[in-house]
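The values are calculated or read from the model by the stated rules, or taken from the named source; none is laboratory data. Here the structure is a predicted model, which means the values were calculated and not measured. Here the Cβ positions follow ideal geometry from the backbone for every residue, glycine too, while neighbour counts run over all protein chains shown. Accessible surface is based on the protein model in full, side chains and every heavy atom, while ligands, DNA and RNA are left aside. Shrake-Rupley method; radii C 1.70, N 1.55, O 1.52, S 1.80 Å.
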2 protein chains.
Amino acid sequence: MHQMGIIGYGGMASWHHENIRRIEGLQVAAAYDVDPQRVRAAREKGLAGYDSLEAFWKHPGMEFVLVATPNNFHMELAIAAMEHGKHVICEKPVAMSGEELAEMTAAAKRYGVVFTVHQNRRWDRDFRIVKRALAQGLLGKPYTIESRVHGQNGVVEGWRAHKVAGGGMLLDWGVHLIDQLLYLIPEPVVEVCAHLHSLKTPEVDDYCKVLMRFASGLSAQIEVGTYCLQPLPRWYVNGDAGSLVIDDFACTGRIVRANQYALDWEPEIVQTAAGPTRTMAPRPKETLATLPLPDAEDEADWTAFYRNVLAAAEGREALLVTPAEAARVFAVMEAAFASHEEGMSFKVHI
Amino acid sequence: MHQMGIIGYGGMASWHHENIRRIEGLQVAAAYDVDPQRVRAAREKGLAGYDSLEAFWKHPGMEFVLVATPNNFHMELAIAAMEHGKHVICEKPVAMSGEELAEMTAAAKRYGVVFTVHQNRRWDRDFRIVKRALAQGLLGKPYTIESRVHGQNGVVEGWRAHKVAGGGMLLDWGVHLIDQLLYLIPEPVVEVCAHLHSLKTPEVDDYCKVLMRFASGLSAQIEVGTYCLQPLPRWYVNGDAGSLVIDDFACTGRIVRANQYALDWEPEIVQTAAGPTRTMAPRPKETLATLPLPDAEDEADWTAFYRNVLAAAEGREALLVTPAEAARVFAVMEAAFASHEEGMSFKVHI
């Protein structure tokens, strides 16, 4: 049985702990936290709870370390774990900057350990449905992809509200939505344009919209809001043969496809509430077909991430979330911050 | 009774003709078209139908000329009308370029005539509802405005499909949506980022998304699609106190406002279909209030445009749609085309 220790036994750590109970051959055995209350909580869950990092490193048989602290401690702790020969899973956002990530990646190489980032949302059901719909050609060739997470609370909690800790929504949720897009679209990103707002959280962005152009011209957009009182759909994808909507994380939604070519009928100028229009005239219903979303339950499994890390450490599989991929995500996020600050977008090749 | 002549008696001309029947003191009396069939159609509607432009200019008592031809003929015909001392209403898009528009504007000044553009969608009911909701402070301070027109036909008809004629969706519908935003937000535009596609119409854009940053940081987006098989709402506006959705031109929709401050309750980490989240935890329903959209029927009157042109010609009112405003809209559209072609956005001051 392989042993894992967790640094930072807060909300996410408990979630990891629960998930890892379902992984054969891997168990969470130890935890370190600076907060005595969290050390006690770890002990109550049957873990060896450490308030000393030096003691934690010496936990017998611990091969894996999961770093789940605020962002600004990731690099130091991850590199320290690597120095102690541990394979490292780092929570997202993996670091404060692409530069920090590069140092972490170099350290992993130096110490010969596996290093990965918890980009678990690659296994979210909604994302897997989009991925499958595109792979099955249900939408034809996509030309716009919009990926939104619209919260309503207007509150960014704890360290996520602070710049010094690497908070803000672009780093917290944007990192997932960008990672998903880069994983979905096998093309370089050639433009990044971002608009951020700090509505209720002065130090960091609590709203971000990032428009990305891929090399083929495909236009993708992510949007993370914490104060969007009427959420728009989680996914909106238009292709040259159909359109996909996923309303929410519960994955209600549908695909609408054209079952006749546009020129098979003659749109006429109609009087609509919009005035006379031919271009925007309603399409005859019989020329459209509504399909259910493809099922993706079989792929929507967050535990796949841990199983892969274990297999990668044992040399049985290639790592699924690589430092190189995390570096691309960071490059997009840094281009987004720069775009917002400069007030214009940038040509990039990421 | 003031007399108007129409150049180009096609679909839009008939619509103008019908609308102007409701304007006291103004009537459509004559029409000129290069197509004999359209000349006959004008005559059947009781107009003096001309197939000679020289004869048309001499129509007795004609003070106003409305230009409703394809875009590439606007400048020449509008300036000719001005030379003949006519007040000119030009269909949108007013010209092929900002440069052409400047020539038209200079000609109007030279000949001392009124010159305006048929930006009738300033009086669309959906737009007036948004305008009123913002003016009444129902959303607080807006931070994102999204304005979409999603057609489903995938067909751009007639001259609008051709580059040489000044076609494409940015010029055809984008011109309205941008005009509305500039009319709504009394601030300079400081950034324009555009992504266009030509899905089914090779020569011109049949899809456009234009992201605009206003001087205060307000982020606005217009999107015109001709092949969006599942339309998103016509308007989506988020402010720091509420959110507005207008589904369609028929103006179904609602406003959702916060009736408690965010910090009045403590969001907790919840297990959602999205995994554990505090930021994106559902908000207690009792902290939100749903309001109907404000009524704006009283302002939603396309005939207000013509009445104002008549009053401006008589010196009773200032012109509502000015050449200077049209020039701003054109500057945004030209920045959008340039942004798409360059693959990056531009800082502007429009």
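Looking at region A:336-350, which of its residues are touching a Pro at 6+ places or on another chain (Cβ under 7 Å) and either of a type in the set (Lys, Arg) or open to solvent by less than 60 Å² (accessible area, probe 1.4 Å) (or both)?
A:ILE350 - this is the single residue of region A:336-350 that is touching a Pro at 6+ places or on another chain (Cβ under 7 Å) and either of a type in the set (Lys, Arg) or open to solvent by less than 60 Å² (accessible area, probe 1.4 Å) (or both).
The set of residues in region A:91-114 that are closer than 12 Å to A:HIS74 by Cα, open to solvent by less than 10 Å² (accessible area, probe 1.4 Å) and among the hydrophobic types (A, V, I, L, M, F, W, C) comprises A:VAL94, A:ALA95, A:LEU101, A:MET104. Just a yes or no: is a residue in region B:11-28 in contact with a helix residue (DSSP H, G or I) (Cβ under 9 Å, 6 or more places away or on another chain), under 26 Å from B:MET333 (Cα atoms) and either open to solvent by less than 40 Å² (accessible area, probe 1.4 Å) or of a type in the set (Phe, Trp, Tyr) (or both)? Within region B:11-28 (the criterion being in contact with a helix residue (DSSP H, G or I) (Cβ under 9 Å, 6 or more places away or on another chain), under 26 Å from B:MET333 (Cα atoms) and either open to solvent by less than 40 Å² (accessible area, probe 1.4 Å) or of a type in the set (Phe, Trp, Tyr) (or both)), the answer is yes, since at least one residue qualifies. Listed by first and then second residue, the pairs with beta-carbon distance under 7 Å, at least 6 apart or on different chains, first residue in region B:273-288 and closer than 21 Å to B:ASN259 by Cβ and at the interface with another protein chain (Cβ under 7 Å from one of its Cβ atoms), second open to solvent by less than 30 Å² (accessible area, probe 1.4 Å) and at pLDDT below 80, are B:MET280/B:ALA274; B:ALA281/B:PRO267.
Residue check: B:ALA135 meets all listed conditions (1) open to solvent by less than 10 Å² (accessible area, probe 1.4 Å); (2) at pLDDT 95 or above; (3) not polar (S, T, N, Q) but one, namely (1). Being open to solvent by less than 30 Å² (accessible area, probe 1.4 Å) and outside any strand (DSSP E or B) is the filter; apply it to region A:271-287 and report the residue that is farthest from B:ARG121 (Cα to Cα). That would be A:THR287. Grab the strands (runs of 3 or more DSSP E) fully contained in region B:178-237, keeping just those with 3 or more residues being surrounded by 20 or more Cβ atoms within 10 Å (Cβ to Cβ), at pLDDT 95 or above and over 15 Å from the mean Cα position of the chain (by Cα). Strands (runs of 3 or more DSSP E) meeting the threshold: B:189-197, B:207-214. Scanning region B:160-177 for residues that are farther than 11 Å from A:THR279 by Cα and in contact with a strand residue (DSSP E or B) (Cβ under 7 Å, 6 or more places away or on another chain), we see that the one that is surrounded by the fewest Cβ atoms within 10 Å (Cβ to Cβ) is B:LEU177. If only residues of region B:288-321 that are of a type in the set (Gly, Ala, Ser) and outside any helix (DSSP H, G or I) are counted, the one that is surrounded by the most Cβ atoms within 10 Å (Cβ to Cβ) is B:ALA296.
For the residues B:ARG257, B:ARG307, B:ARG213, B:ARG316, the requirement of being within 25 Å of A:PHE249 (Cα to Cα) and either basic (Lys, Arg) or within 9 Å of another protein chain (Cβ to nearest Cβ) (or both) singles out B:ARG257.
Suppose the filter is β-branched (Val, Ile, Thr) and either in a loop (DSSP other than H, G, I, E, B) or over 20 Å from the mean Cα position of the chain (by Cα) (or both); does B:VAL28 pass it? Here the answer is yes, as B:VAL28 does meet what is asked.
Listed here are the residues, each with its yes/no results for (1) assigned to a strand (DSSP E or B); (2) out of contact with any Pro (no Cβ under 9 Å at 6 or more places or on another chain); (3) under 24 Å from B:GLN119 (Cβ atoms); (4) among the β-branched types (Val, Ile, Thr).
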| site | (1), (2), (3), (4) |
| --- | --- |
| B:MET4 | yes, yes, yes, no |
| B:GLU18 | no, yes, yes, no |
| B:ARG43 | no, yes, no, no |
| B:ALA55 | no, yes, no, no |
| B:GLU63 | yes, yes, yes, no |
| B:LEU66 | yes, yes, yes, no |
| B:MET75 | no, yes, yes, no |
| B:LYS92 | no, yes, yes, no |
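With respect to (1) outside any strand (DSSP E or B); (2) within 19 Å of A:VAL113 (Cα to Cα), the lone exception for A:ILE23 is condition (2). Entry remark, region A:54-90: residues being within 11 Å of A:GLY8 (Cα to Cα) and open to solvent by 10 Å² or more (accessible area, probe 1.4 Å) number 5 in total. Comparison of A:ALA324, A:ALA331 shows that the only residue that is buried (at least 16 other Cβ atoms within 10 Å of the Cβ) and not hydroxyl-bearing (Ser, Thr, Tyr) is A:ALA331.
Collect the residues in region B:141-157 that are more than 8 Å from chain A (Cβ to nearest Cβ) and either at pLDDT below 90 or under 13 Å from B:THR226 (Cβ atoms) (or both), keeping them in residue-number order.
Correct list: B:ARG148, B:HIS150.
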